[in-house]
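Contents: one structure, followed by commentary.
The values are calculated or read from the model by the stated rules, or taken from the named source; none is laboratory data. All of these numbers come straight from a predicted model, not from anything done at the bench. Neighbour counts are summed over all protein chains in view; Cβ atoms, including those assigned to glycine, are modelled from backbone coordinates with ideal geometry. Quick note on the areas: whole protein, heavy atoms, side chains included, nothing else; ligands and nucleic acids left out. Shrake-Rupley method; radii C 1.70, N 1.55, O 1.52, S 1.80 Å.
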Amino acid sequence: MTAAGFVRAQTALRPVPMVPEIRLHLAADAFELWERTETQAGRREQPPPFWAFAWPGGLALARYLLDHPAEVAGRSVLDLGAGSGLAAIAAALAGAGPVLASEVDPLAHAAIGLNGAANGVEVAVRGDVLGGTGEDADVVLAGDIWYERELASRTAGLLTRAAGRGARVIAADIGRAFLPRGLFRELASYQVPVIADLEDADVKLVRVLTLV
């Protein structure tokens, strides 16, 4: 089965909580799907299926961009750790272009393509870009990407370099352990519905941030 076929088979296209303007291919159960992705890939230790869920940071970023389209309208955008492509799609719907999503999981690449098409927007996809300065994007987005120390450190490095060349940085955080809080100031905050089995709550406060 192709990656796109697998994504279609494991998800249903439905409106996104808090961002009903957008529809995504979403799964019902994270843990069962994780096991299926390992079977599909033919190996253990597959990354979690971040592409099949609307994660809190992405939800907050998407809502913020749709509510504040001037942040991205007419500007090129890079979405780091894009998952389903939710924030990238919101940026495109808010008038951004071109929009690039960075993801290392081939299934996420397929999901982003399907989700972009479902919403009538074009989102290009690339792999790991964290060693660079943000692919010359005018705006760099970083949602729910602060859950692992090395990843957070590499992301913070890219964001600092991108800001140094003049890019606008917009991030989001749900209170993850490895956010370098001293680098950021708050732009907005949202009460975001979350997956209770994964977050130990039904709603979490998510802050939208930019570099100090």
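Multiply the residue gap between residue 128 and residue 23 by 0.36 nm, knock off their C-alpha separation, and tell me the result in nm, one decimal place.
Gain on stretching residue 128 to residue 23: 35.2 nm.
Once you've got the GNM for the chain with C-alpha springs shorter than 10 Å, pick whichever of 187, 61, 100 has the biggest mean-square fluctuation.
Ranking 187, 61, 100 by mean-square fluctuation puts 187 first.
Could you tell me what % of all Cα pairs in region 80-204 have separations over 25 Å?
Everything past 25 Å amounts to 24 percent.
Per 0.36 nm of contour for each residue apart, how much would the distance between residue 2 and residue 195 grow if the chain were fully extended, relative to their Cα-Cα spacing?
66.7 nm
For 128, 136, write out the residues from largest to smallest accessible area, computed with a 1.4 angstrom probe and no ligands counted.
Result, largest first: 136, 128.
Kindly give Rg over Rh for the chain, based on alpha-carbon atoms, with the Kirkwood expression for the hydrodynamic radius.
That ratio is 0.93, to two decimals.
Using a Förster distance of 25 Å, how high is the FRET efficiency between residue 70 and residue 203, based on the Cβ-Cβ distance and rounded to 0.05?
The calculated FRET efficiency here is 0.35.
Let me check something: with ligands and nucleic acids excluded, how do 109, 25 order by accessible area (1.4 Å probe), largest to smallest?
Output order, biggest surface exposure first: 109, 25.
For every helix of n ≥ 4 consecutive DSSP H residues, a contribution of -39,500 (n - 2.57) applies; sum these over the chain, divide by its total residues, and give [θ] at 222 nm rounded to the nearest 500 deg cm²/dmol.
It lands at -10000 deg cm²/dmol.
Where only protein heavy atoms count, and the probe is 1.4 Å, what is the accessible area per residue for region 158-198 in Å²?
Ligands and nucleic acids excluded, the figure is 48 Å² per residue.
Counting alpha carbon pairs within less than 8 Å and at least 6 residues apart, what relative contact order, in whole percent, applies to the chain?
18 percent
Rank 167, 91, 12 by mean-square fluctuation in a GNM of the chain with C-alpha springs under 10 angstrom and give only the top-ranked residue.
In the Gaussian network model the winner is 12.
Got a number for the accessible area of residue 148? Probe 1.4 Å, square angstrom, nearest 10.
Probe radius 1.4 Å; accessible area of residue 148 about 80 Å².
Placing unit charges on C-beta atoms (Lys and Arg positive, Asp and Glu negative, everything else neutral), compute the dipole magnitude of the chain about its Cα centre in debye, rounded to 20.
Result for the chain is approximately 400 debye, rounded to the nearest 20.
I'd like to know how region 33-152 sits against the 2.2 N^0.38 Å rule of thumb: what's its Cα Rg over that expected value?
Scaled against compact globular proteins, the figure is 1.03.
Run the numbers for residue 35 and residue 150: contour at 0.36 nm per residue of separation, minus the present Cα-Cα distance, in nm.
Result: 38.9 nm gained on full extension.
Among 102, 189, 153, what's the order by accessible area (1.4 angstrom probe), most exposed first?
Result of the area sort, largest leading: 153, 189, 102.
Where nothing but the Cβ of Lys and Arg (+1) and of Asp and Glu (-1) is charged, how large is the charge dipole of region 77-173 around its Cα centre, in debye to the nearest 20?
Computed about the Cα centre, the dipole is about 240 debye.
If you take the Cα atoms of region 107-162, find Rg, then find the Kirkwood Rh from the mean of 1/r over all pairs, what is Rg/Rh?
On the Cα set of region 107-162, Rg over Rh gives 1.01.
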